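One structure below.
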Amino acid sequence: MRLKHRLSLSLTLVAASVLGVSFVTAYLVVAREETRHLDESIRAEAKATAFVLSKSAGPPRVEDARVEDPERPKRVPRHVVVYAANGDVLASTSKLSPPPPLSALGDLEPGDEDGSTQTLTISGRTLRAVVMPLARDRTEILLYAVSQGTVDEDLAYLERVFALLFLGATTLTGVLARWLGTRLASDVDAIASVARSVAEGQLTARVGGTLRGSSETASLGRDLDHMIAELERLITIQRTFVSHAAHELRSPLATLRGELQLALRRPRSAEEYKGSIEEALAETEALITLAQDLLVLARAQRAPTAASTESRLDEVLSDAVRLARGPAEARGVELSTPATPDARVRGPRADLARLFRNLLDNAVAHSPPGARVELSATMVGQRVSVAVVDAGAGVAAEDADEVFAAFYRGAKDRSSDATGAGLGLPIAREIARAHGGDVWLDRAWSRGGARFVVELPMASETPPDSSRAAAAPDDAAG
Ligand SMILES: Nc1ncnc2c1ncn2[C@@H]1O[C@H](COP(=O)(O)OP(=O)(O)OP(=O)(O)O)[C@@H](O)[C@H]1O
Ligand SMILES: [Mg+2]
């Protein structure tokens, strides 16, 4: 059954049951109260009549009379019959003819001074009657009755009112429930249709502000839109990454092929072949480095390493400095070895060393010969902060937002002969974040050169539940 039908049916059934039970209960309470009121009134009248009859001498005599209706401001005829113990009618008012036989009134309990009340139907009229012994000699029996019409009228009126209310309220509930069901169902349909479109690859599909069924479905729609937008963003990043990677791989491969084709075009001396093979080898080395960088990046993005893996900070930094020393010496740049606090940080030594090595490589590559690259480490609460400062030209303002994006290289670097794929900083950031830390460019640094800061949690700190640390201050890059 469809949601809107099920919803309207169940709401209508619930409303009908609640109303039905309430109206039946109210009806029964009113009927009992009115009958009790009528009974009290006729019992009092019957007692008064019995008292008068018991005082009068001779055979009992009763006359037609009208009494006050207990429910309405009007007078109604009363009916009185006096029976002998054997059932003979000794006296009767004229309007009750023929009087009901005593046997039809049921047995009177001995000593029941108040008598018993009952409903009688005589000649099509419904009467409420009390049957009680006459006080005079206890053998004669008095029947006192008045019309029950006003109680019946009241109850019939109540029945009509309740029936109308029941029908009206149930119909209204049904209509409202259907309207609500339709709105909710249309929201669910809209959400399902967007989910189907996304499953078919249409990442531009959005629910938008069309949901009006309930605040919950509207909020679900917003969450879904947010999720699709995020999915679209990630897929775009992924596609860009793959196309950059393919491009980066294709250029050295094309160069390699060109060199090999050139070498084979005509017979050459052993020396020339050696030169060609060395050039091809250099290209192959560059390709292997690129492939390794891509692998490291993919691995760091995949999942954080176990929180239990930890390393000594001084060992990590001395490894990084050792690895960067070759290029530094080739360029005539001096690397400072920092006084490192005695701390353990989260993450494997090799990965963390790679993080710092990438920063040092950049610092060396952008420093003028003879300059010095400063590496300093400090403790900030339960975290260590390591800064890498060089004496180069610094990161250009137009590059600052992008330097952490995969394959991004600054304008100067793109136009120079310097090799590089633009993967050093994204790898550094992924490694830092995978271990609960982060790395950012210090944009407030004004003393010349570039300053990159790495922050890592100390091994004793409880690992964050997210694999990604909060965004670094003052950094909007990739
Ligand atoms: N210390 C620095 N001084 C000036 N610019 C820098 C510095 N470090 C990074 N950059 C800029 O950031 C860009 C991205 O750096 P990244 O390390 O990601 O790539 P790369 O060094 O160009 O190549 P790769 O690291 O893959 O060999 C660089 O091209 C450069 O423009
Ligand atoms: Mg680099």
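The values are calculated or read from the model by the stated rules, or taken from the named source; none is laboratory data. This one's a predicted model, so the numbers in the text were calculated from it and none came from an experiment. Cβ coordinates were reconstructed from backbone atoms using ideal geometry, including for glycine residues, and neighbour counts include every protein chain displayed.
Table for the structure above
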item: Criterion: away from ligand 2 (no atom under 16 Å from the Cβ) and either in contact with a Gly (Cβ under 7 Å, 6 or more places away or on another chain) or not aromatic (Phe, Trp, Tyr) (or both) - qualifying residue of 388, 333, 345, 364; result: 345
item: Flag if residue 421 is within 16 Å of ligand 2 (Cβ to nearest atom), farther than 24 Å from residue 317 by Cβ and touching a helix residue (DSSP H, G or I) at 6+ places or on another chain (Cβ under 7 Å); result: yes
item: Residue in the range 330-339 that is in a loop (DSSP other than H, G, I, E, B) and among the hydroxyl-bearing types (Ser, Thr, Tyr) present; result: yes
item: Some residue of the range 249-259 being under 56 Å from the mean Cα position of the chain (by Cα), in contact (Cβ under 8 Å) with a residue 40 or more places away in the chain and surrounded by 11 or more Cβ atoms within 10 Å (Cβ to Cβ); result: yes
item: Test: residue in the range 291-310 that is within 16 Å of ligand 1 (Cβ to nearest atom) and acidic (Asp, Glu); result: yes
item: Residue match in the range 419-433 (condition: within 13 Å of ligand 1 (Cβ to nearest atom), more than 26 Å from residue 234 (Cα to Cα) and modelled with pLDDT under 90); result: yes
item: Matching residues, the range 310-360, being among the β-branched types (Val, Ile, Thr) and modelled with pLDDT of 90 or more; result: 316, 321, 333, 345
item: Near pairs, Cβ below 8 angstrom, 6+ apart or cross-chain, from the range 411-435 (of a type in the set (Val, Ile, Thr)) to any residue that is modelled with pLDDT of 90 or more and within 13 Å of ligand 2 (Cβ to nearest atom); result: 427/354; 427/355; 427/358; 431/354; 431/355
item: Where residue 332 falls short, out of the listed (1) touching a residue at least 24 places away in the same chain (Cβ under 8 Å); (2) out of contact with any helix residue (DSSP H, G or I) (no Cβ under 9 Å at 6 or more places or on another chain); (3) farther than 28 Å from residue 392 by Cβ; result: (3)
item: Cβ-Cβ under 7 Å pairs, at least 6 apart or on other chains, the range 354-378 side over 18 Å from residue 420 (Cα atoms), far side hydroxyl-bearing (Ser, Thr, Tyr) and near ligand 1 (Cβ under 9 Å from one of its atoms); result: 373/367
item: Enumeration of residues in the range 249-307 that are outside any helix (DSSP H, G or I) and at pLDDT below 85; result: 303, 304, 305, 306, 307
